[in-house]
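Everything below concerns the one structure shown next.
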Amino acid sequence: MASLSSLCSSSPSLNPKHSICKTTLNPPRLKTSLAYPARTLLTPTRTLLTPTRSIARDIPADLSKTNDNLPYKPKQLGLEKDPNSLWNRYVDWLYQHKELGLYLDVSRIGFTDEFVSEMEPRFQKAFKYMEELEKGSIANPDEGRMVGHYWLRNSSLAPKPILKTQIDKALDAVCDFADQVVSGKIKTPDGERFTQILSVGIGGSALGPQFVAEALAPDNPPLKIRFIDNTDPAGIDHQIAQLGPELASTLVIVISKSGGTPETRNGLLEVQKAFREAGLDFAKQGVAITQENSLLDNTARIEGWLARFPMFDWVGGRTSEMSAVGLLPAALQGIDIREMLAGAAVMDEANRTTVLRNNPAALLALCWYWASDGVGSKDMVVLPYKDSLLLFSRYLQQLVMESLGKELDLDGNRVNQGLAVYGNKGSTDQHAYIQQLREGVHNFFATFIEVLRDRPPGHDWELEPGVTCGDYLFGMLQGTRSALYANDRESITVTVQEVTPRSVGALIGLYERAVGIYASLVNINAYHQPGKYCCILLPISHLILEMKVISVVVLAWPCVEAGKKAAGEVLALQKRVLAVLNEASCKEPVEPLTIEEVADRCHAPEDIEMIYKIIAHMAANDRALIAEGSCGSPRSLKVFLGECNVDELYA
């Protein structure tokens, strides 16, 4: 007998596979005209109590004319609503990675088999493009640079021995320095232990480290971290003031590839001023992460800073979390960075298969293409239902939008591509903008991030019989997903067993690859970003760019209540499932039940998918046991409770 967590979770002792087939990322410039596959309707197979509404979406004429090679044809979208058909679709398309404990559910995106077939040649080109990228092809032609963030977690893939040596040497240096700081071998000028980290950087030099710190830092890390990620003087003053007398035991990490980024430079000068005013020697507490011989590197070397670590010219800011940029701050907080690298490496291996159904990054790219018509007609709303993953949507904003927001395609056509990303954590979103998502403008698709494990083993307890606090969060996620889909709002669900360095590394690797594949599908270069520098250079030239941002927050109770009602229905169904499993578990011998048998005994065959999800969540929290089968194949499972509750049996 095994719990679901033991069947599906990753083992910390597992090492990433290093015999990885080489994949690379320099897309061949496509010279042929691209005829984008048309979307075929999914037609509901039966009438429901709530009739399915078909939705017509018109795209402004100016968008449809941006590029003759990327035509947009207004279409109607009718989503499948029959429970049995949806269950079959869920099982057929469910992706599972056993070693990582990661699942990808794309069943609530309405692509058809015909659409997948039409997209197949395009995906094969994308796979080849990614393969060439990993082999070291030039992916950033303006600067003549390779793109090699995949080598950071498997240096044996680097196309030149010198690159492998540099990667391994940098990782060893990061680990050695962090170990010495945490152990107290490297001390402050006063001979005390370092207690704080002040990280100065912006963009990819901040968003990745912030996300990882929020997700993985222990409750009481050896060093606590703060960030200066803007040139706002009040914000800088606040961070320094919060340190107070601990400024003397603060390790300052300055992250800038060139050393000339204005915001980072300004932050450094402000921090150095604070050190001078406190009578402290900044150099004895300063660490630089920068490109060799950059302005920052030369400054740190001349002034004798405590340490210097390299940034490589073939790693972009938005994909730098697995470099010293992200690894050093993480290691200083006590996070297992080698496990994070291992998770990304294992995910990279999964994303190298050329079989679309078995490639999770390709499945994400397929969904993005379908949902946004390949022209960014819909936004991506990222909803992580875990507080520790709150910053994942901000991290993805840069990764996705800076990579895919392009004016021109590879053939020089004006296409104005991109996917807008925003999000908030669940169930906080219930009280913010879910109202608009459910009933307002149909201009988005959702991505739910689900974590099966609620608390560490042995720490859970029931708020009421059969219901824990985590069950409410689970119910809100499932209820919101159902409520959105009932109104023809499509969604993806990414599920991980728990938030660990390995699973976070896997999530980063998953989305990095999905961005590269999607860029190839729409014929753009994900690693070229001319728009960024025009915005950075304008202030330097003393030009003024006036930007007006209108923020609208919509709060309305009807949709909040709809989500809560759906969540309540999930919890009510869970109690019925528990009763059925308890009765079977009290028999002699114990009677393990299939998902279908549980659904039948609950008199809810139409809710079989939700019943499976309930059981998966319970099993991940050691409240149900799997007798046989694989969690990646729901129909093969047989489940029972670990004990018989006689009182419940005769209640």
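The values are calculated or read from the model by the stated rules, or taken from the named source; none is laboratory data. For clarity, every value in this text was computed on a predicted model and none was experimentally measured. Using ideal geometry, Cβ is built from the backbone for each residue, glycine included, and neighbour counts are taken over all protein chains shown. Calculation scope for accessible area: heavy atoms of the full protein, side chains included, ligands and nucleic acids excluded. Shrake-Rupley method; radii C 1.70, N 1.55, O 1.52, S 1.80 Å.
A few comments on the model shown:
- Cβ crowding within 10 Å averaged over residues, with 517-524, 483-490 ranked highest first: 517-524, 483-490
- Close amide H contacts of residue 426 (hydrogens built in the peptide plane, cut-off under 5 Å, sequence separation of 5 or more or a different chain): 385, 386.
- Using a Förster distance of 41 Å, the FRET efficiency for residue 164-residue 230 (Cβ separation, nearest 0.05): 0.70
- Total formal charge among the other residues, if their Cβ is under 15 angstrom from that of residue 278, Lys/Arg +1 and Asp/Glu -1: -4
- Expressed in Å, the radius of gyration and Dmax of the Cα atoms of the stretch 568-641 are 11.0, 33.
- Convex hull volume of the stretch 324-374 per residue (C-alpha atoms, cubic angstrom): 111 Å³
- Each peptide in 491-497, 461-467, 630-636, 239-245 gets a packing score, the mean of other Cβ atoms within 10 Å over its residues, and the list from highest to lowest is 491-497, 630-636, 239-245, 461-467.
- Segment residue 185..residue 469, full-extension length gain: 98.0 nm, with 0.36 nm per residue of separation and the alpha-carbon distance subtracted.
- Phi-derived couplings, Karplus 6.51 cos²θ - 1.76 cosθ + 1.60 at θ = phi - 60°, listed residue by residue for the stretch 259-270: x, x, 4, x, 4, 5, 4, 4, x, 4, 4, 5 Hz, with x used for Gly and Pro.
- Between residue 176 and residue 416, the distance separating the two model label sites (each 7 Å from Cα on the Cα→Cβ line) works out to 5.3 nm.
- Listed residues 322, 146 arranged by accessible area, highest first, probe 1.4 Å: 146, 322
- The residues packed around residue 232, meaning those with a beta-carbon under 15 Å from its beta-carbon, carry a net charge of -2 if Lys and Arg are +1 and Asp and Glu are -1.
- Highest to lowest packing among 354-364, 160-170, 119-129, scored as the average C-beta count within 10 Å: 354-364, 119-129, 160-170
- Inter-site label distance for residue 569 and residue 431 at 7 Å from Cα along Cβ, in nm: 2.4 nm
- Length gained when the stretch residue 358-residue 273 is fully extended (0.36 nm per residue, less Cα-Cα span): 25.2 nm
- Anisotropy class of the stretch 171-330 from Cα gyration tensor, a/c 1.5 cut: rounded
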